[in-house]
Amino acid sequence: MSLFKRRPDPNNLPSTGAGYSVLDAQLTVRGDIDTEGTLRVDGKLDGSILRADIVVIGTGATVVGHISAREVIVGGSVQGNVTATSRIELQPSAVVTGDIDAGAIMIHEGCVVQGRLTVTAAASTKERPAKIKTRAPMPTPATALSGSGA
C-alpha cells in the first residue's frame with residue numbers, strides 16, 4: 001500500500017461538458033450570478049441567480065434575490081421570486097418569501113411559502129396536446145333500467 005497516491009493527469013480527465021459551482025457555507029456573495037451550469041448555495045447570496053440549469057439551495061443557506069433556472073431545489077431560505085422552466089422542489093426546511101412559477105412543484109410537508117404558486121405547462125405540452133382515447137358512449141340510466149342491453 002502506497003502512502004502517497006499519484007494525482008491524475010488533468011489532461012487525461014474525461015470532459016463532462018457540464019460544470020457546477022458551490023458557494024460554501026462560510027461564503028457570502030454580493031451580486032448576481034449568471035451561469036448555464038449547476039449551482040449549489042450553502043452560504044449566503046445577496047443577488048439573483050440567472051439562467052442556471054440546476055440550482056440547489058442547501059439547508060441553512062440564504063438567497064436574497066430572484067432565482068431563474070431549469071430546475072430548483074430549495075432546502076434553505078429564499079427572499080425573492082423563483083422561476084423554473086421544469087420543476088421546483090421545496091424540502092421540509094425550505095422558506096420562500098416570493099412568488100413561485102414552474103412547470104411542476106413538489107412541496108414537502110413542513111416548508112413555508114409566502115407568495116403565489118403558479119404551475120404553467122411546459123412548452124412541449126402546449127405545442128402537442130395528449131391524444132385522448134374515446135370509448136363507446138356509456139348507457140344513460142334510462143336505457144340501463146329499461147333492460148334493452150342485457
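The values are calculated or read from the model by the stated rules, or taken from the named source; none is laboratory data. Because the structure is predicted, anything quoted here is derived from the model rather than measured. Because the Cβ atoms are built from the backbone with ideal geometry, glycine has one as well, and the counts that use them run over all protein chains shown.
List every residue pair whose Cβ atoms lie under 8 Å apart, where the two residues are 6 or more positions apart in sequence or sit on different chains, the first residue falls within region 89-105 and is closer than 19 Å to A121 by Cα and modelled with pLDDT of 95 or more, and the second residue, located anywhere, is small (G, A, S) and buried (at least 18 other Cβ atoms within 10 Å of the Cβ).
Close Cβ pairs (under 8 Å, with a partner that is small (G, A, S) and buried (at least 18 other Cβ atoms within 10 Å of the Cβ)) amount to D101/A84; A102/A84; G103/A84.
Considering only residues of region 46-55 that are under 18 Å from the mean Cα position of the chain (by Cα) and surrounded by 15 or more Cβ atoms within 10 Å (Cβ to Cβ), which is nearest to V74 (Cα to Cα)?
V55
Which number in (1) more than 21 Å from V119 (Cα to Cα); (2) in contact with a Cys (Cβ under 7 Å, 6 or more places away or on another chain) marks the one condition that G60 misses?
Of (1) more than 21 Å from V119 (Cα to Cα); (2) in contact with a Cys (Cβ under 7 Å, 6 or more places away or on another chain), only one is false for G60: (2).
So which residues in region 24-43 are over 16 Å from D53 (Cβ atoms) and either in a strand (DSSP E or B) or not charged (D, E, K, R) (or both), if there are any at all? Steps first, answer last, please.
Within region 24-43, the first condition is being over 16 Å from D53 (Cβ atoms), and the residues that meet it are 24-32, 42-43.
Result: A25, Q26, L27, T28, V29, R30, G31, G43.
Out of curiosity, is E71 modelled with pLDDT of 95 or more and surrounded by fewer than 14 Cβ atoms within 10 Å (Cβ to Cβ)?
For E71, the condition - modelled with pLDDT of 95 or more and surrounded by fewer than 14 Cβ atoms within 10 Å (Cβ to Cβ) - is not met.
Suppose we filter G58, G19 for residues that are loosely packed, with under 12 Cβ neighbours inside 10 Å and either of a type outside the set (A, V, I, L, M, F, W, C) or over 19 Å from G98 (Cα atoms) (or both); which single one remains?
Exactly one of G58, G19 is loosely packed, with under 12 Cβ neighbours inside 10 Å and either of a type outside the set (A, V, I, L, M, F, W, C) or over 19 Å from G98 (Cα atoms) (or both), namely G19.
Could you pull out the residue among V113, V78, V55 that is closer than 19 Å to G19 by Cβ and not acidic (D, E)?
Checking each option against the conditions leaves just V55.
Would you confirm, using the coordinates I've provided, whether V82 is closer than 21 Å to G47 by Cβ, β-branched (V, I, T) and either in contact with a Leu (Cβ under 8 Å, 6 or more places away or on another chain) or at pLDDT 95 or above (or both)?
Details: closer than 21 Å to G47 by Cβ: yes; β-branched (V, I, T): yes; either in contact with a Leu (Cβ under 8 Å, 6 or more places away or on another chain) or at pLDDT 95 or above (or both): yes.
Yes, satisfied.
Of the residues in region 24-40, how many are in contact (Cβ under 8 Å) with a residue 24 or more places away in the chain and out of contact with any Ser or Thr (no Cβ under 8 Å at 6 or more places or on another chain)?
Residues in region 24-40 being in contact (Cβ under 8 Å) with a residue 24 or more places away in the chain and out of contact with any Ser or Thr (no Cβ under 8 Å at 6 or more places or on another chain): 1 in total.
Quickly run through region 106-125 and pick out the residues that are modelled with pLDDT of 95 or more, assigned to a loop (DSSP other than H, G, I, E, B), loosely packed, with under 12 Cβ neighbours inside 10 Å and on the phi < 0 side of the Ramachandran plot.
Residues satisfying the conditions are E109, R116.
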